[in-house]
Amino acid sequence: MIFLLPGAYSLLVLVLPLIPGGAVPAPTLAGCNNSCGNLTFAYPFGVGQDCFRNPDFELICLLSNATQPPSLFLQGGTLQVVDNITVDDIIVDDSFNSFRVNMSDAITVVPGVDVYNYTWTSPKSFRLIDTVVYIVGCDMDVYNENKSVPLCNITCPNKTMTEVDAMMNSNGTGSWSIWLEDYISSFDLQFVRHNKTESHSSNSLWNSIQLSLYPPYLKWNIFDQPRCSSALHNRTSYACVSRNSSCLDSNSTGFGYLCSCDSGFAGNPYIPEGCSRDKGNSITPKLDI
């Protein structure tokens, strides 16, 4: 299901090679970096070979400007991480791990082509939470997977209108916003442009369709097994590797699982010996299964 909301947002991303950061350390694998610029991250996320659980959790630390700190991206480079990535050591009820990202993309308009299909898909281990898609462009109908009725119609009153003008409105004049349903891993949109727009092709609002997500929070699970029951039977890929840790099924998505340190222990259940006894508690460590 898709809902409509007002608002506007955009992002420009530039990238270069890895630069070590100086942020507060977070628990990760021995010998692996745990920071990038002002951000920290914890395993199963990591930068560099053998420092992340699987390709979904690979991070890339990139320099965008010599005067600015490096930026952190998920594998593939289209999602910029803007929060510290932490691991909750105790999972209760339907709590979950999440962090905030930025994403922007653009479709180049080709003269004579009026229909453009767009699909966005997250890595398997992630789901979007409470996210809005912002669309900037001119003179087009926007559809979702149900292509019988448009979600909205975006028009531009004159060819002198700028991107800044369009983004300030977000009411169908140069831009629109669409609220996505929670816990989805992909969405599809179709843009059907009106033929009259070709006469204004010198203006960027008519020669591209710009999309951005805001404020996209990514919820993550371990998705290599559907539930804890099957994960415990496949110990070679079991994620809860620390002693004194337990597996919990994901209730929000109905698929995948998370790891939690047992009562009286704290730390990172995804790394060996990651769950240590809380100071002041006297608890007998649990034996490996």
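The values are calculated or read from the model by the stated rules, or taken from the named source; none is laboratory data. Please read all numbers here as calculations on a predicted model, not as lab measurements. A quick note on method: Cβ atoms are made from the backbone with ideal geometry, for glycine too, and the neighbour counts reach across all protein chains shown. The area values use the complete protein model at the heavy-atom level, side chains included, leaving out ligands, DNA and RNA. Shrake-Rupley method; radii C 1.70, N 1.55, O 1.52, S 1.80 Å.
Using 0.36 nm per residue of separation minus the Cα-Cα distance, give me the extension gain between Thr121 and Thr173 in nm, one decimal.
Using 0.36 nm per residue and subtracting the Cα-Cα distance, I get 16.0 nm.
Full extension of the chain between Thr160 and Asp130 gives 7.4 nm of extra length, using 0.36 nm per residue less the Cα-Cα distance. Computed over segment 54-162, relative contact order equals 14 percent, with contacts defined as Cα pairs under 8 Å that lie 6+ residues apart. Can you work out the FRET efficiency for the pair Val149 and Phe255, with r the C-beta to C-beta distance and R0 = 45 Å, to the nearest 0.05? Calculated value: 0.90. Each 10 Å bin, from zero up to the one with the longest distance, holds this percent of the alpha carbon pairs of segment 110-244: 11, 33, 25, 14, 9, 7, 1.
Using 0.36 nm times the number of residues separating Asp182 and Asp88, minus their current alpha carbon distance, what extension gain do you get? Once the chain is fully extended between Asp182 and Asp88, it gains 31.8 nm. Residues Glu181, Glu145, ordered by accessible area of protein heavy atoms at a 1.4 angstrom probe radius and largest first, appear as Glu145, Glu181. When the residues Val110, Val149, Val142 are ordered by accessible surface, computed with a 1.4 Å probe over the protein chains alone, the sequence from largest down reads Val149, Val110, Val142.
Database remark: amide H of Asp262 closer than 5 angstrom to the amide H of Ser245, Ser246 (H placed geometrically; neighbours at sequence offset of 5 or more, or on other chains; Pro and chain starts carry no H).
Take segment 43-161 with all the other protein chains still there, run a 1.4 Å probe, and you get 45 Å² of accessible area per residue.
Distance from the C-alpha centroid of segment 33-61 to that of segment 217-276: 18 Å, rounded to the whole angstrom. If you sort His233, His194 by accessible surface, 1.4 Å probe, largest first, the order is His233, His194. The heavy atoms of Thr78 present about 90 square angstrom of accessible area, all protein chains included, probe 1.4 Å.
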